[in-house]
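The values are calculated or read from the model by the stated rules, or taken from the named source; none is laboratory data. Since the model is a prediction, treat every value here as computed from it, not as a measurement. Virtual Cβ from ideal backbone geometry, glycine too; neighbours counted across all protein chains shown. The protein model used for the area step is the full one, side chains on, heavy atoms only, and it has no ligands, DNA or RNA in it. Shrake-Rupley method; radii C 1.70, N 1.55, O 1.52, S 1.80 Å.
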Amino acid sequence: MSRFSGALQLTDIDDFITPSQECVKPITIDKKKSKTGAKISVQEDGYYEESETGKQKLQKLEITLQDCLACSGCITSAEGVLITQQSQKELLKVLHENIKLKATEDVKMARTVVFSVATQPLISLAYRYKMSVEETARHLAGYFRSLGADYVLSTKVADDLALLECRNEFLEKYRENKDLTMFSSSCPGWVCYAEKTHGNFILPHIATTRSPQQIMGVLVKQYLGEKLNLPASRIYHVTVMPCYDKKLEASREDFFSEANASRDVDCVITSVEVEQMLLEVDQTLSAQEPADLDWPWWDKKPEFMVYSHESTYSGGYAEHVFRYAARKLFNDDPPNELKLVQPRNRDLKEIYFEKDGKVLLRFAIANGFKNIQNLVQKLKRGKGSKFHFVEIMACPSGCINGGAQVRPISGQHVRELTQNLEELYTKLPRSEPDNIATKNLYDDFFNGFGTDKSHDLLHTSYHSVDKLVTALNIKW
C-alpha cells in the first residue's frame, strides 16, 4: 500500500517509479502575497495556496523519469560531486588549460585528449541540424578538434565487443540454468535502480559485460595508451552519450584503476550539452570545419563513419544474442528480419524461437521503468519470468530517446521526434560485430578470446547499495 494519501497519489504516468518520501520537489511560495507568507492546505481535490488575497488551487506536480534519475535521494553525495565534474563548463575549462600547456614550456604536462562518440547522439544532432548522420559525424569531429581534441573516435569497436561478450555470457548462463532470466547491463539507469532498490536479489540476473562506454574507456586508456606510449593518467578521455546517467556510470569506483591512477572515462557530455555548447557561442554544427573520425585500431578506414546494430535502437543486444543462441544451441539460423511481437505496450517487444512446435527461446526488449518494475516484481513474487534474456533500457523507446538527447522544438511531440530518429537509425548500414577489427583486437590486446585478461577488462561487478535519505541536502 502506498504511504501517500489519496491527494498525493500520482496517476496516469506512463513511466513511473513509486517515489519514496524524499522524492518530493518543493513548491514555490510567493511570499509577496502576504507579510507572513502564503500557506499550503491539503483538500480532498488537491493542494491550495492560501493568502490574504484568497485561496488558489495549485497545479499537480509531475515527476518525470529525468527528475527521478537526477534526484539526489538515489545518488550519494560522493557521486554527486563526481558528476558535477562532468559538465560542459568543466570540459571547456580542462580543454582551455590543456591548450595553454601545449603552447608553453609546460608542454610535457599537457594531456592527450580523446573523444569517443556513440551512435545515438550523432543521430540526435543530425536531426537537430538537418544533416546526414555521416556529415554530422565529420562536422562534430572537426568541432571537437577545434576545441583541442587530439583524437575523435567512434564507439563502434566497443559496441562490437560488448555484443560478443554478452552473447557468450548468455550461453554460459543458459547452459548452467535454462530457467534463469538474464538482463542486459549497458543501461546505467537500470543498473543504478537495481543496485539501490532490489540489491542482491536482482544482481545475479544482470549481465556482467561492461557497457560500450566503459569498454571504450579500457581501449582508450590502456590499448591506445600503449600504442602512443602514454600512461593512462596522461590521457583525458571524453565520451559523448545520449544519457545523463552515463556520467554516474563513469564515476563508479569499479571503473577507476589504482594501478593506472586514472578513470576509464574522465568526462561524459551528452547530445543536449553539445547543442548548448554551440548555442553559447552562437554557432551551428554545420558551420564547423569537417574532419574524419580517427580509426587507430586498424590500417584501413571503413567505408562509413557510422553504423547500426540490428534493427533496434539501443545496441541490438536482444536480437544479436537471440540469433547467436539459436545457432549455437539449436543449430538453426533465424531469418534476417526477426519477427518482434509487440503487445499493447509499445515499449515491450518479444522474440520467440520455436522448433518442432516447441518454444525454445524467449527474449524481450523492455524499455521504460514501467516495464522494468513489472519484470522485477514477477521475479520477486516467485512467479519467475517467461523470458531467457531481456534487453533493458530505462528510457521509453530506448537509447534513441535518451534523457539527454536533443529535445523537441516548435511544439513537436516527443513521440514524433523519436519516430524521426528511429527512421534515421534504420537507414544506417548494419555491421556485424564478428569482423577483422575485433578479431585482431582480441589477439593483439586481450591475448585471445575468452582469456582471463579479456574477462577482467571487459566485465564488471555490481554491489547492493543501501539507499540513504538525503532529502535535506538537496539543492534545487
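Can you pull out every residue in the range 341-350 that is under 17 Å from E310 (Cβ atoms) and surrounded by fewer than 16 Cβ atoms within 10 Å (Cβ to Cβ)?
Within the range 341-350, V341, Q342 qualify.
Just to be sure I understand, how many residues within the range 316-333 are in contact with a Cys (Cβ under 7 Å, 6 or more places away or on another chain) and not aliphatic (A, V, I, L, M)?
The number of residues fulfilling the criteria is 1.
For the range 186-212, which positions are touching a Phe, Trp or Tyr at 6+ places or on another chain (Cβ under 9 Å), β-branched (V, I, T) and part of a helix (DSSP H, G or I)?
V191, I202 - these are the residues of the range 186-212 that are touching a Phe, Trp or Tyr at 6+ places or on another chain (Cβ under 9 Å), β-branched (V, I, T) and part of a helix (DSSP H, G or I).
Here's a check for you: in the range 251-297, which residue that is of a type in the set (A, V, I, L, M, F, W, C) and open to solvent by 60 Å² or more (accessible area, probe 1.4 Å) is nearest to the chain's Cα centre (by Cα)?
Only one residue tops the list, namely F256.
Being closer than 22 Å to Y324 by Cβ and either modelled with pLDDT under 90 or open to solvent by 10 Å² or more (accessible area, probe 1.4 Å) (or both) is the filter here; which residues of the range 388-416 pass it?
H388, C399
Find the residue count for the range 260-301, including only residues that are touching a helix residue (DSSP H, G or I) at 6+ places or on another chain (Cβ under 9 Å) and not in a helix (DSSP H, G or I).
24
When you check E391 against the structure, is it within 24 Å of V268 (Cα to Cα), in a strand (DSSP E or B) and either touching a Phe, Trp or Tyr at 6+ places or on another chain (Cβ under 8 Å) or aromatic (F, W, Y) (or both), yes or no?
yes
Filter the range 435-453 down to residues that are under 22 Å from G315 (Cα atoms) and open to solvent by 90 Å² or more (accessible area, probe 1.4 Å), then give me how many there are.
Final tally of qualifying residues: 3.
Here are K178, K173: which of them is in a loop (DSSP other than H, G, I, E, B), open to solvent by 20 Å² or more (accessible area, probe 1.4 Å) and of a type in the set (K, R)?
K178
Please specify each residue of the range 209-238 satisfying the condition of being farther than 15 Å from A158 by Cα and surrounded by fewer than 20 Cβ atoms within 10 Å (Cβ to Cβ).
Matches in the range 209-238: E226, K227, L228, N229, L230, P231, S233, R234.
Out of the residues in the range 176-197 that are touching a residue at least 12 places away in the same chain (Cβ under 8 Å) and more than 20 Å from the chain's Cα centre (by Cα), which is farthest from Y442 (Cα to Cα)?
D179
Within the bounds of the range 325-336, is there any residue that is at negative phi, buried (at least 18 other Cβ atoms within 10 Å of the Cβ), among the small types (G, A, S) and assigned to a loop (DSSP other than H, G, I, E, B)?
Checked against the condition, which is being at negative phi, buried (at least 18 other Cβ atoms within 10 Å of the Cβ), among the small types (G, A, S) and assigned to a loop (DSSP other than H, G, I, E, B), the range 325-336 yields no hits at all.
Assess whether K108 counts as being modelled with pLDDT under 90, open to solvent by 20 Å² or more (accessible area, probe 1.4 Å), more than 19 Å from Q213 (Cα to Cα) and not aromatic (F, W, Y).
yes
How many residues are within 13 Å of the chain's Cα centre (by Cα), in a loop (DSSP other than H, G, I, E, B) and under 22 Å from Q276 (Cα atoms) when one looks only at the range 394-413?
Qualifying residue count for the region: 5.
Out of the residues in the range 213-246 that are within 24 Å of C399 (Cβ to Cβ) and assigned to a loop (DSSP other than H, G, I, E, B), which is modelled with the highest pLDDT?
So, considering only residues that are within 24 Å of C399 (Cβ to Cβ) and assigned to a loop (DSSP other than H, G, I, E, B), the one modelled with the highest pLDDT is P242.
Might you check whether a residue that is open to solvent by less than 70 Å² (accessible area, probe 1.4 Å), assigned to a loop (DSSP other than H, G, I, E, B), within 30 Å of V218 (Cβ to Cβ) and hydrophobic (A, V, I, L, M, F, W, C) occurs anywhere in the range 351-369?
no
Anything in the range 93-118 that is closer than 18 Å to Y151 by Cβ and either in contact (Cβ under 8 Å) with a residue 60 or more places away in the chain or of a type in the set (K, R) (or both)? List them, or say none.
V94, N98, K102, R111, T112, V113, V114, F115, S116, V117, A118
Among the residues of the range 130-171, how many are basic (K, R) and in contact with a strand residue (DSSP E or B) (Cβ under 8 Å, 6 or more places away or on another chain)?
1
Run K156 past the list (1) free of Cβ contacts under 8 Å to residues at least 24 places away in the same chain; (2) among the basic types (K, R); (3) crowded, with 24+ Cβ neighbours inside 10 Å and report the number of the one that doesn't hold.
All conditions are met except number (1).
Of the numbered conditions (1) in contact (Cβ under 8 Å) with a residue 40 or more places away in the chain; (2) under 23 Å from N440 (Cβ atoms), Q373 fails exactly one; give the number of that condition.
(2)
Could you please find all residues in the range 352-391 being in contact with a Ser or Thr (Cβ under 8 Å, 6 or more places away or on another chain) and acidic (D, E)?
Listed by number, the list holds a single entry, E391.
Taking S314, is it over 22 Å from G398 (Cβ atoms), in contact (Cβ under 8 Å) with a residue 60 or more places away in the chain and not hydrophobic (A, V, I, L, M, F, W, C)?
Criteria not met by S314.
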